[in-house]
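Have a look at the structure below before the remarks.
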Amino acid sequence: MTIRPMDTSLPDPIAPPAVALAHFRVLDLTRVRSGPTAVRQLADWGADVIKIEMPEALAGAEAMGGPRNGPDFQNLHRNKRSLTLDLKSPDGIQVLRRLVATADVLVENFRPDVKARLGIDYETLSRDNPRLVYASISGFGQDGPYAERAGFDQIAQGMGGLMSITGRPGDGPMRVGIPIADLTAGLFCALGILTALHERTRSGRGQWVQTSLLQAQVAMLDFQATRWLMDGEVPKQAGNNHPTTIPTGVFATADGHVNIAVTGQKIWEKFCRALDAADWIADPDYATGRARSQNRDQLTAAIEQRLAGRGSAEWMERLNAAGVPCGPIHRIDEVFADPQVRHLGIAQAVESPAHGRPITLVGQPVRLSRTDSRIASAAPAAGADTAAILAEIGYGEAEIADLTRRQVV
């Protein structure tokens, strides 16, 4: 079917920005995805985020993540200010250290040896500002046998076990369709930062927050990991079938496919009645969870034989009315046309000077009743706020002009 474009409107231009974290200043030295994901969590709740990046003349090849005005960069770097700064220059390091003295948080994803060589490691900068919460994201951790390796999402997906349990049995390992190790490492980092800031209200001291793509991916294995840790069971690929809750998965209908989640005995009985198959409730092949697990393929075939008689929309209405979780399998365009997704307002428009029009980005999936998040500004042009930020930390016009002329900023 044809999906109409989203009807998004710009937020009230006189509405105040988000204020929940407005009293914090955050220095963002991150690149690619995991670090920017962490910082975005703070920026969207109102923190004064200063994105520090190389002067354009020194930046070289375009960083991963696509062009600056492309969707990926814009979604990662909204609600930030931009300061260009050459961290390979002693004067650039001096500027950074003056900024650190005014900051609450610094987030970086350099390799451990790089930040030590530049003199911007936690030990050094915490002497300048003992209240600083310094957050590091790496591929594999700040120490250990793999600490110096470059990290990449797909490598973490493989090493962290996810690819071994994703995809259909026999098809070989399969990555998931999003950079989940990057994204979850960023989210865990943001959680660590907020925890450290909260603890600082008691102790008055900052601390070093550390996470990695590998740690995040292993943590996201969740119950699959504990199947091994507690019971010695190595989980395998199950395709679209849930590994332990049966029948839960993707099922063919007369005109497509639906997701159905039959969790627990009561829902199983409701499911049987909704399919006009009440005799399955007492059938010894299906009567218990263990029996359904042992006869999964036989049960799936029987279910799809029943489902073949009606279309997806009819089955979704019928099963949901019976209290059986059932839903469509949307394309991305269909996701944002879904009435519930529209109601939740997760797609948010913001004016973009670089595009000369509003652009629509993915907002926060959490709401606060008094101090909600807001996408107040699109990603900044490189160095757009350099002069203003330098003036805030005491540099005069002549000093700013000199730093600019020498490409320190």
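Every number in this text was worked out from the coordinates using simple rules, so none of it is lab data. The shown structure was predicted, so the numbers you read here are calculated from the model rather than taken from an experiment. All Cβ positions, even for glycine, are placed from backbone atoms using ideal geometry, and neighbour counts span all protein chains on display.
Separation between the Ala278 and Glu317 pseudo-spin-labels, each 7 Å from Cα along Cα→Cβ, expressed in nm?
2.3
Can you compute the charge dipole magnitude of the chain about its Cα centre, using +1 on each Lys and Arg Cβ and -1 on each Asp and Glu Cβ, nothing else charged? Give it in debye, rounded to the nearest 20.
420
Counting Lys +1, Arg +1, Asp -1, Glu -1, what net charge surrounds Leu29 among other residues with beta carbon under 9 Å of its beta carbon?
That sum, taken over residues with Cβ under 9 Å, equals 0.
Taking the mean number of other Cβ atoms within 10 Å as a proxy for protection, how do you rank 257-264, 202-209 from highest to lowest?
257-264, 202-209
Before anything else, pin down the relative contact order of the chain: Cα pairs under 8 Å, at least 6 apart, normalised by residue count, whole percent.
After rounding, I find 21 percent.
Which of Arg31, Arg374 has the fewest other C-beta atoms within 10 Å, and how do the rest follow up to the most?
Arg31, Arg374
What FRET efficiency comes out for the pair Thr244/Glu399, r = Cβ-Cβ distance, R0 = 56 Å, nearest 0.05?
0.30
Please list, ordered by chain and number, the residues whose modelled amide H lies under 5 Å from the amide H of Val133; skip anything fewer than 5 residues away on the same chain.
Answer set, sorted by chain and number: Val105, Leu106, Gln207.
If you take the charge dipole of the chain about its Cα centre, with +1 on Lys and Arg Cβ and -1 on Asp and Glu Cβ, which of Ala216, His330, Thr201 is farthest toward its positive end?
Farthest along the dipole direction, towards plus: Thr201.
In a shell of Cβ-Cβ distance under 14 Å around Glu199, excluding Glu199 itself, what net charge do Lys and Arg (+1) and Asp and Glu (-1) give?
+3
Give the relative contact order (percent, whole number) for the range 250-345; include only Cα pairs under 8 Å separated by 6+ residues.
39
What trypsin sites (Lys or Arg not before Pro) in the range 256-340 are in a loop by DSSP, with at most 13 other Cβ atoms within 10 Å of the Cβ?
Arg331
Taking Cα pairs under 8 Å and at least six residues apart, what relative contact order does the range 286-402 come out at, in percent?
It rounds to 12 percent for the range 286-402.
Give, rounded to the nearest 20 debye, the magnitude of the charge dipole that the range 55-188 has about its Cα centre when Lys and Arg contribute +1 at Cβ and Asp and Glu contribute -1 at Cβ.
Computed about the Cα centre, the dipole is about 240 debye.
How much length is gained if the chain between Glu269 and Glu334 is pulled fully straight, taking 0.36 nm per residue apart and subtracting their Cα-Cα distance, in nm to one decimal?
Fully extending the segment from Glu269 to Glu334 adds 20.3 nm.
Return the sequence-ordered ³J(HN,Hα) values of the range 269-285 in whole Hz as given by the Karplus equation 6.51 cos²θ - 1.76 cosθ + 1.60 applied to θ = phi - 60°, using x for Gly and Pro.
5, 4, 4, 4, 5, 5, 8, 6, 10, 4, 5, 5, 4, 9, 5, x, 6
Can you give the net charge of the other residues whose Cβ lies under 13 Å from the Cβ of Arg81, counting K and R as +1 and D and E as -1?
Result for the local shell: -1.
Taking 7 Å along the Cα-to-C-beta vector as the label spot, tell me the Ala57-Leu191 distance in nanometres, rounded to one decimal.
Label-label distance for Ala57 and Leu191, simple model: 4.5 nm.
Which length gain, in nm to one decimal place, applies between Arg290 and Arg117 when the Cα-Cα distance is subtracted from 0.36 nm times their residue separation?
So the extension gain works out to 56.5 nm.
Could you pull out every one of the lysines with an alpha carbon less than 25 Å from that of Lys88, ignoring same-chain neighbours closer than 8 positions?
Reachable lysines: Lys51, Lys80, Lys115.
Straight-line reach only, C-alpha to C-alpha below 19 angstrom: list the aspartates and glutamates that Lys236 could link to, leaving out same-chain residues fewer than 8 apart.
Asp171, Asp222, Asp297
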